[in-house]
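A short write-up of the structure that comes next.
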Amino acid sequence: MKRSGLVWLSLALLLIVAAVLSLSLGAAPIDPMDVALALLSRLPGLSGLDPGLTSGQHVVIFELRLPRLALALLVGAALSVAGVVMQAFFQNPMAAPSIIGISSGASFGATVAVVSGAGIGVAGLGAVPVAAFAGALLATAVVYLLSRRGGSTPVGVLLLTGVAMGSLMSALAALVLITGQDPTRRDLDQVVYWMLGSVAGRTWTHVLVVLPYVAIAGGFTWAFGRDLNVLSLGDDTAHYLGLNVEQVRLMLLALSSLLTAAAVAVSGVVGFVGLVVPHLMRIIVGPDHRTLLPASALAGAALVVLADVVARTVAAPTEIPVGIITSLLGAPFFLYLLHRRREYAI
Amino acid sequence: MGKPVLAARNLHCGYDDFAVIRGVDLDLLEGEFLGLIGPNGSGKTTLLRALTGRLRPTSGDVLLDGRPIAQIPRREVARRLAVVPQISSPPFEFTVREIVAMGRSPHLGRLQAEGPQDQQAVEAAMALTGISGLSSRPVTELSGGEYQRVVIARALAQEAPLMLLDEPAAHLDIGHQVEIFDLLLRLNRGEERSILCVSHDLNLAARYCDRLIAVSDGAITAAGTPSDILTAEFVGSLYGCEVRVDADPGGHIVVTPLSRELDGVGAR
């Protein structure tokens, strides 16, 4: 009990520190203490704490950085929870949205919606997550059907199927973007954005579009915590313990695709978050999904926020897509995990 | 022995076009300790999977308490019938206690936490199988025999009156084999649990089971008390080798396979 209290406290602190850093750092740095006070002064009864920032600084904090922070939080939490679900779904700890092509599937769906003129308005943006969901669902279903071998999913088959699926979906997404737009201004920036993942220039509109998806799908997923525990022991055992395996699998497929799609629809493919975070959290809080899911959501949120801080400060004034930072961290970690598992047949 | 609690009626099952179980009729009677024997590939595990409702029969019925098992909600089945499958290593590092506690899931609602009754069932199951001391160990660090006992404890925590086990002693040394079969016998006699157990060890099966059913090539070839069916002639034809059947000083059946090299017998 004491240890788990410490874990939750640390995760909350990490998230707060990440958030304050994210609001302070950037092209125009603002003192973190001023940021904290400005935030607190918005709370009822605490208006006396207002540090007296300029109106320009106010705009930077509340209109530019805060929505970006909120979006990074949501993307990190959604991808991490989706990763946890997929690992139990495939009964395989190497599964994750970006590794087995699900993110690319979502990205393909989203680009089709964008190019076919869905635009950036709220209604149009609403179509993007739906199309991303369809793409993610398609990719997950194909990878699942092709990589099952007699009731289990061998690591090698899963990863190879996922690699092929990811390449196919990325190629289709790039094709759609390059050929589908106005031929006088074929926009490679868009391709880069969808392939590499970025939360730059995001507004409150984007946040409000994905928030319900992430909140509802995340809440449902948490309610499936015990089912995920049982399912991770294998289909037969899950069945013997009273789980309606096919029904729960369909539900989890939908939930993890929805979470991935919500993240991809507003940020493109931010890689490796869904692999790294569940692994680290499993070491810290254990594999029980009832605690693993919320812990991964918090840690994933903090990770993407911090990665975004690095992305916009390390080469300032140039912004690096946040997906490059997460991949720089995540890919070596993935290789390390594969190396450690070398005793397993591929 | 009471009424049949689990029954197969003209059961046929298979994978794709290949029939594995061909017309099996079988009754597990209330309070019975029933053994299922037969050579590798005879269809024992497939039959067990069909009896648990995991595998859909191509024709015929499996009846749990007289009702077709496919029509009973899964959670209700799991409260009546616990299964110990052949063990495979888990992908995640759950602790022993966490694995055993999963046996309570058919008794708990989706958002319901474990209550005192559940804790008690888990502790009792671990105590009975002698794994209380391993409670907080990750199952990935256990030996095959230890993990086998964890899986049995999980089935016990289900508190189901029927237990189906697929070679529960396969990974155990003789000391632990006897311990597990003694435990099953106590559950059978003391708590009147009905037990169906697949076993390759004929001597253990003969010793502990009330009745044996022999399966060969997907059909039942004999059923009866161990002393009725474990004759040298029948066992020899079932497994395709010469055997000697003796009584040990206590009067228990001992089946010994004979060697072509050492005993100079011919193949059958």
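All of the numbers you see were taken from the coordinates with simple rules; none came from a lab. Note that the coordinates shown come from a computational prediction; the quantities given were computed from them, not determined experimentally. Ideal geometry is used to build each Cβ from the backbone, glycine not excepted, and the neighbour counts take in all protein chains shown.
Couple of notes before you dig in:
- Summarising the label geometry, the points placed 7 Å from Cα in the beta-carbon direction at A:Met33 and A:Ser4 lie 3.8 nm from one another.
- A:Leu335 paired with A:His58, simple spin-label distance in nm, labels 7 Å along Cα-to-beta-carbon: 5.0
- Long-range amide H partners of B:Leu55 with built H, under 5 Å: B:Ala50
- Listed residue (A:Leu211, A:Ala262, A:Ala95) projecting farthest to the positive dipole end of chain A, Cβ model: A:Ala95
- Site pair B:Arg137 and B:Ser59 shows an inter-label distance of 5.0 nm when each label is modelled 7 Å from Cα along Cα→Cβ.
- Gain in span if fully extended, B:Arg260 to B:Asp246, counting 0.36 nm per residue against the direct Cα distance: 3.1 nm
- Relative contact order of chain B, defined on C-alpha pairs under 8 angstrom at six or more residues apart (%): 23
- Percentage relative contact order, the stretch A:147-300, counting C-alpha pairs under 8 Å, at least six apart: 25
- Comparing mean-square fluctuations of B:Gly35, B:Gly175, B:Gly43 from a GNM of chain B with C-alpha springs under 10 Å, the top value falls on B:Gly175.
- Among B:Arg49, B:Arg154, B:Arg207, residue whose mean-square fluctuation peaks in a GNM of chain B (springs only between Cα atoms under 10 Å): B:Arg207
- Gyration tensor (alpha-carbon) shape descriptor, the stretch B:109-203, a/c threshold 1.5: oblate
- Counted as membrane-span-like here are DSSP H helices of chain A whose alpha-carbon atoms extend 18 Å or more along the helix's own axis and whose Kyte-Doolittle mean is 1.0 or above; these are A:2-24, A:66-89, A:122-147, A:155-180, A:204-223, A:245-267, A:289-313, A:322-340.
- The stretch B:146-216-the stretch B:68-133 distance, computed between alpha-carbon centres (Å): 17
- Dipole in debye (nearest 20) - the stretch B:135-188, about Cα centre, beta carbon charges: Lys, Arg +1; Asp, Glu -1: 160
- Amide H partners (placed H, <5 Å) of B:Val84, local residues excluded: B:Leu164, B:Leu165, B:Asp166
- Electrostatic dipole magnitude of chain A [Cβ: Lys, Arg +1; Asp, Glu -1; Cα centre; debye, to 20]: 560
- Average Cα contact separation per residue, the stretch B:46-189, under 8 Å, 6 or more apart, as relative contact order %: 31
- For the stretch B:88-95, Karplus couplings with θ = phi - 60° (6.51, -1.76, 1.60), whole Hz, Gly/Pro x: 9, 6, x, x, 10, 8, 5, 7
- Residue with peak Gaussian network fluctuation, chain A [Cα springs, cutoff 10 Å], from A:Asp235, A:Asp50, A:Asp288: A:Asp50
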